[in-house]
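Before any comments, here is the structure.
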Amino acid sequence: VRLVRMPANAGKAAALNAGLAAARGTVVVCSDGDSRLDRLAVSRLVAHFADPEVGAVAGRIVPEEGPGLLGAWQTIEYIFGQAIVKEAQVGAGGSVLLGPGPVTAFRRDTLLALGGFTDRTLAEDFDATLAVLAHGRRVAYEPAAVAYTDVPRDWRTLCRQRLRWSRGHLQVF
């Protein structure tokens, strides 16, 4: 593990690219500031890179449940959107289409060939995942590689987050 300090907030893509530039291994694991990786997440992600076709591996996000109905709704949403959909994509013989920001590993040489992460969208994780696929690599899914993530605790914050995600995904498309 290497700590990379940024002199100023230049955005997530810049921070990820600084980490990519400092990395020396063949695999780079990305996470978010509001998430924490399970102690076995990295080893479970890395195991998939024995397959030379794999360019990235998406893990599973588990929400730190918020209060009441809002928390319960987000837990159900994450189970469906982050777990069941990815299982279906892989089970259908395809590739995962979105490696989530809180827990995705990338083959370092693939990211370097792509020019790293871009700041052209609000969804750098989705953008990078599709770029890996366009580069001819597969994106695997490892449900045992877990990231626990904070979720919005009020409706206003949830709406702002989802609006940002929606805009980012439209930018990627």
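The values are calculated or read from the model by the stated rules, or taken from the named source; none is laboratory data. These numbers come from a predicted model, not from an experiment. Every residue, glycine among them, receives a Cβ derived from its backbone with ideal geometry; neighbour counts consider all protein chains shown. Calculation scope for accessible area: heavy atoms of the full protein, side chains included, ligands and nucleic acids excluded. Shrake-Rupley method; radii C 1.70, N 1.55, O 1.52, S 1.80 Å.
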Can you name the residue in segment 64-74 that is free of Cβ contacts under 8 Å to residues at least 60 places away in the same chain and not aromatic (Phe, Trp, Tyr) and, of all such residues, is least open to solvent (accessible area, probe 1.4 Å)?
Ala72
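Residue by residue, here is whether (1) surrounded by 14 or more Cβ atoms within 10 Å (Cβ to Cβ); (2) in contact (Cβ under 8 Å) with a residue 24 or more places away in the chain; (3) not hydrophobic (A, V, I, L, M, F, W, C) holds:
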position: Ala123; (1), (2), (3): yes, yes, no
position: Ala128; (1), (2), (3): yes, yes, no
position: Ser166; (1), (2), (3): no, no, yes
position: Gln171; (1), (2), (3): no, yes, yes
Test Gln82 against the criterion of being assigned to a helix (DSSP H, G or I), within 24 Å of Pro152 (Cβ to Cβ) and modelled with pLDDT under 95, and give yes or no.
yes
Residue tally, condition in contact (Cβ under 8 Å) with a residue 24 or more places away in the chain and either touching an Asp or Glu at 6+ places or on another chain (Cβ under 6 Å) or outside any helix (DSSP H, G or I) (or both), over segment 87-114:
13
Take segment 1-45 and flag every residue that is in contact with a strand residue (DSSP E or B) (Cβ under 6 Å, 6 or more places away or on another chain), open to solvent by 50 Å² or more (accessible area, probe 1.4 Å) and part of a loop (DSSP other than H, G, I, E, B).
Asp34
What number of residues within segment 46-79 satisfy the criterion of being small (Gly, Ala, Ser) and part of a loop (DSSP other than H, G, I, E, B)?
1
Considering segment 138-173 alone, what residues qualify as being among the aliphatic types (A, V, I, L, M) and either in a helix (DSSP H, G or I) or within 17 Å of Tyr78 (Cα to Cα) (or both)?
Ala144, Ala145, Val146, Ala147, Val151, Leu158, Leu163, Leu170, Val172
First in segment 144-163 and closer than 25 Å to Leu37 by Cβ, second anywhere and among the hydroxyl-bearing types (Ser, Thr, Tyr), Cβ under 7 Å, 6 or more apart
Ala147/Ser31; Ala147/Ser35; Tyr148/Ser35; Thr149/Ser35
Could you check segment 89-121 and list, in sequence order, the residues that are of a type in the set (Gly, Ala, Ser) and open to solvent by 20 Å² or more (accessible area, probe 1.4 Å)?
Gly91, Ala92, Gly93, Gly94, Ser95, Ala113, Gly115
Is there any pair with a first residue in segment 1-30 that is in contact (Cβ under 8 Å) with a residue 60 or more places away in the chain and a second that is hydroxyl-bearing (Ser, Thr, Tyr) and not in a loop (DSSP other than H, G, I, E, B) whose Cβ atoms are under 6 Å apart and which are 6 or more apart or on different chains, and what are they?
Cys30/Thr104
